[in-house]
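Asks: Structure incoming, see below.
The values are calculated or read from the model by the stated rules, or taken from the named source; none is laboratory data. Since we're looking at a predicted model, the values are computed, not measured. Cβ: placed from backbone, ideal geometry, glycine included. Neighbour counts: every protein chain shown. The accessibility values were calculated without ligands, DNA or RNA, using every heavy atom of the protein model including side chains. Shrake-Rupley method; radii C 1.70, N 1.55, O 1.52, S 1.80 Å.
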Amino acid sequence: MKHAAIILVAMAVSLTACAKTITQMAPVARGDVKAEATTQRELVLVELARAQERLDNIAHSLLAAAAPLCTGKTGWRLGFYSKSAQEYGQTWAPRAVAALQLSDTMTITHIVTATPAARAGLQKGDRVLSIGSSRIPVGREGSEALRKATAAVSDQPVEVSVQRADGTHNITVQPEKICDVGATVIIEGDINA
């Protein structure tokens with residue numbers, strides 16, 4: 001009997017030694033995969049926005065301090081950045097609306113610390129209606145119109161009209177002279193989202 005037990009144990013050990021481990025993924029529903037891709041796109045947009053805001057907060061103060069050294073390459077800036085859902089492709093636009101609270105109107109995505117926009121009271125989420133006498137249209141033309149309006153700013157105070165939940169606000173902002181050099185977070189390679 002003792003020998004039979006040893007033989008059975010030896011057989012069991014030898015049989016398990018020959019067996020392979022097979023890892024199989026559980027089936028995943030297509031809807032679950034799409035939901036995860038949506039979540040990942042939103043996370044990417046939020047992290048990119050945070051990185052750009054950190055970069056702008058560092059770069060702006062350096063560019064303002066260096067303005068006397070940038071002869072011929074300076075510009076007047078207000079200190080806010082904006083985007084609209086129209087600036088994202090078809091795949092990313094719905095995620096930008098959800099993650100960054102964007103719409104078809106140019107929306108302030110962040111205010112750079114200690115800038116004219118911050119001192120004047122502009123806020124993240126403000127929808128930009130006009131800068132000076134330049135109306136900012138809704139839709140695809142909004143981005144270019146806002147770029148041109150901010151490029152036309154001079155050393156004189158400018159009125160920025162914004163829409164908030166409680167109504168329209170006209171806010172006067174005194175532009176600041178800085179080196180006219182951009183600072184942009186760039187993604188190298190593909191985004192896996």
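Asks: Six or more apart or on different chains, Cβ under 8 Å: which pairs go from a residue in the stretch 166-181 that's free of Cβ contacts under 8 Å to residues at least 24 places away in the same chain to one that's open to solvent by 80 Å² or more (accessible area, probe 1.4 Å) and of a type outside the set (Gly, Ala, Ser)? Could you list them?
Replies: Every condition considered, the pairs that remain are Asn170/Glu159.
Asks: Shifting gears a bit: Scan (1) of a type outside the set (S, T, N, Q); (2) open to solvent by less than 70 Å² (accessible area, probe 1.4 Å); (3) within 14 Å of the chain's Cα centre (by Cα) for the single condition Leu43 breaks and write down its number.
Replies: Every condition holds for Leu43 apart from (2).
Asks: Just to be sure before I move on: is Gln90 farther than 20 Å from Ile171 by Cβ and touching a residue at least 12 places away in the same chain (Cβ under 8 Å) in the structure I sent?
Replies: no
Asks: Among the residues that make up the stretch 145-158, is at least one of them farther than 15 Å from Leu78 by Cα and either crowded, with 19+ Cβ neighbours inside 10 Å or modelled with pLDDT of 95 or more (or both)?
Replies: Taking every residue of the stretch 145-158 in turn, at least one turns out to be farther than 15 Å from Leu78 by Cα and either crowded, with 19+ Cβ neighbours inside 10 Å or modelled with pLDDT of 95 or more (or both).
Asks: Considering only the stretch 98-125, how many residues are over 17 Å from Ala59 (Cα atoms), in a helix (DSSP H, G or I) and touching an Asp or Glu at 6+ places or on another chain (Cβ under 7 Å)?
Replies: The qualifying residues number 2.
Asks: Quick one: would you say Ala49 is part of a loop (DSSP other than H, G, I, E, B), touching a residue at least 40 places away in the same chain (Cβ under 8 Å) and surrounded by fewer than 20 Cβ atoms within 10 Å (Cβ to Cβ)?
Replies: Judged against the criteria, Ala49 is not a match.
Asks: Being in contact with a His (Cβ under 7 Å, 6 or more places away or on another chain), of a type in the set (Ser, Thr, Tyr) and either open to solvent by less than 20 Å² (accessible area, probe 1.4 Å) or within 12 Å of Val160 (Cβ to Cβ) (or both): is that true of Thr115 here?
Replies: Yes; evaluated as a whole, the condition is true for this residue.
Asks: Okay, moving on. Give the stretch 56-72 a look and list any residue that's open to solvent by 60 Å² or more (accessible area, probe 1.4 Å) and assigned to a helix (DSSP H, G or I), or say none.
Replies: Ile58, Ser61, Leu62, Ala65, Pro68, Leu69
Asks: Moving on to the next point. Restricting attention to the stretch 122-138, does a residue exist that is of a type in the set (Gly, Ala, Ser), touching a helix residue (DSSP H, G or I) at 6+ places or on another chain (Cβ under 6 Å) and open to solvent by less than 50 Å² (accessible area, probe 1.4 Å)?
Replies: Checked the stretch 122-138: at least one residue is of a type in the set (Gly, Ala, Ser), touching a helix residue (DSSP H, G or I) at 6+ places or on another chain (Cβ under 6 Å) and open to solvent by less than 50 Å² (accessible area, probe 1.4 Å).
Asks: Quick one: count up the residues across the stretch 80-103 that are open to solvent by 10 Å² or more (accessible area, probe 1.4 Å) and closer than 30 Å to Asp155 by Cα.
Replies: Looking only at that region, the number is 5.
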